[in-house]
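The structure appears below as structure tokens.
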Amino acid sequence: MTTSFSPERKIIEIGRKLYQRGMLAGTDGNISMRLEGGHIMITPAGRPKGELAADDLVTVDFDGKHVHGRLAASSEMAMHLYVYRLRPEVMGCVHSHAPYATAFAVSGEPLDADVLPEVVVFVGDIPKAAYAPPGTEAVAASLAPYIDHCNAFLLKNHGLLTLGSSLEQAYHRHETVEHYARIVMLARQLGGVDTLPAEDVQRLSEIRRKLETKGS
């Protein structure tokens, strides 16, 4: 039985939201959620994330071994498993090719987090990971310099990945980063971006750390 609070329903709903908000096209992206008992539920390869059904979803163990589901797991499974192994507090991961965030991922421009207070508090740094061929172990390795302290990553020439202490939080961070990337791009078209004072970034970062500690 699939309830409104089941992992299947949560992943299906977030896939639909990503599609409706224009952050996915075709079969782009992947979504995963940590389950009890050491398993991960993840979206399947080659299926539109806005049209998922409960029996499309795949369950694997931490070695990537297929546990349940009629389809093959996402080709980016290694990236998700890497996050869950290194960050035991992470319960959900969302990856898409959100247009504005991905525009920064394919450009030489950084998406620094020191412009809007909400981004500093609820997301933090948004590093650009080195390019790695999609669907390979190299994608996981590209996260290594940042995985212990960041919750959002621009995957160079690839897209956006966000993490959360719940799947919902991972999605909300995803939406926040995409919205933020659009604001920064528009501000640059208007002539430039004013950053927050360094001392306030430090204060806001401390608020984020306290919130994360409280939630862990």
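A short reminder: the numbers here are calculations on the coordinates, not readings from a lab. Just so we're clear, the structure is a prediction, and the values are computed from it rather than from any experiment. Neighbour counts run over all protein chains shown; Cβ positions are idealised from the backbone, glycine included.
Kirkwood hydrodynamic radius of region 10-114 from all distinct Cα pairs, in Å? Don't skip to the end; give the middle numbers.
On the way: mean 1/r = 0.0696 Å⁻¹.
14.4 Å is the Kirkwood radius here.
What is the list of residues in region 103-117 whose amide nitrogen lies under 15 Å from a point 7 angstrom out from the Cα of GLN189, following Cα to Cβ?
Taking a point 7 Å out along Cα→Cβ of GLN189, the residues of region 103-117 whose backbone N falls under 15 Å are 103-104.
Which one, LEU167, VAL90, PRO44, projects farthest toward the positive side of the charge dipole computed for the chain from Cβ point charges (K/R +1, D/E -1)?
PRO44
Normalised by the number of residues in the chain, what is the relative contact order in percent for Cα pairs under 8 Å and 6+ residues apart?
Numbers: 411 pairs, mean separation 40.8, N = 216.
Across the chain, relative contact order equals 19 percent.
Which of the lysines could a cross-linker span from LYS17 if the Cα-Cα distance has to be under 22 Å and same-chain partners fewer than 8 positions apart are dropped?
In chain and number order, the partners are LYS49.
Out of the trypsin sites (Lys or Arg not before Pro) in region 36-121, which ones are loop residues according to DSSP with at most 10 other C-beta atoms within 10 Å? Don't skip to the end; give the middle numbers.
Numbers: sites: LYS49, LYS65, ARG70, ARG85; in loops: LYS65, ARG70.
Filter output for region 36-121: LYS65, ARG70.
Using label points projected 7 Å from each Cα along Cα→Cβ, tell me how many nm separate ALA144 and LYS65, to one decimal.
2.6
Can you bin region 91-216 into rounded, prolate or oblate? Criterion: square roots of the alpha carbon gyration tensor eigenvalues sorted a ≥ b ≥ c, rounded for a/c under 1.5, prolate for a/b above b/c, oblate for the rest. Intermediate values should be presented prior to the final figure.
Values: a/c = 1.71, a/b = 1.08, b/c = 1.58.
Judged from the Cα gyration tensor, region 91-216 comes out oblate (a/c at least 1.5, b/c at or above a/b).
Each residue of region 63-68 in order: what ³J(HN,Hα) in whole Hz does its phi give by Karplus 6.51 cos²θ - 1.76 cosθ + 1.60, θ = phi - 60°, with x for Gly and Pro?
Computed from phi, the couplings for region 63-68 are 9, x, 6, 5, 10, 7 Hz.
Between THR27 and ASP112, what FRET efficiency follows from the Cβ-Cβ distance if R0 is 25 Å, with the result rounded to 0.05?
My answer for the efficiency is 0.20.
Kirkwood-based Rg over Rh for the chain (C-alpha set), two decimals?
Details: Rg = 16.8 Å, Rh = 17.5 Å.
So for the chain, dividing Rg by the Kirkwood Rh gives 0.96.
Compute a Gaussian network model of the chain, connecting alpha carbons closer than 10 Å, and tell me which residue from GLN20, GLN202, GLN189 fluctuates the most.
Looking only at GLN20, GLN202, GLN189, the biggest GNM fluctuation is shown by GLN189.
Taking the dipole about the Cα centre of the chain, with the C-beta of Lys and Arg at +1 and of Asp and Glu at -1, give me whichever of ALA181, ILE147, PHE5 is farthest to the positive side.
It is PHE5.
Quick check on packing: order 165-178, 140-153, 92-105 by the mean number of other C-beta atoms within 10 Å, highest mean leading.
Details: 165-178: 21.1, 140-153: 18.5, 92-105: 24.4.
Most protected by this proxy first, the peptides run 92-105, 165-178, 140-153.
Which residues in region 135-158 place their backbone N less than 16 Å from a point set 7 Å from the Cα of ARG85 along the Cα-to-Cβ direction?
135-148
Could you give the size of the charge dipole of region 7-215 about its Cα centre, using +1 on the Cβ of each K and R and -1 on the Cβ of each D and E, expressed in debye and rounded to the nearest 20? Could you put the intermediate results ahead of the total?
Working: 22 positive and 26 negative charges, 55 e Å.
Using only the charged Cβ atoms, the result is roughly 260 debye.
Please give the Cα centre distance for region 135-165 versus region 1-71, rounded to the nearest Å.
Answer, in whole Å: 19.
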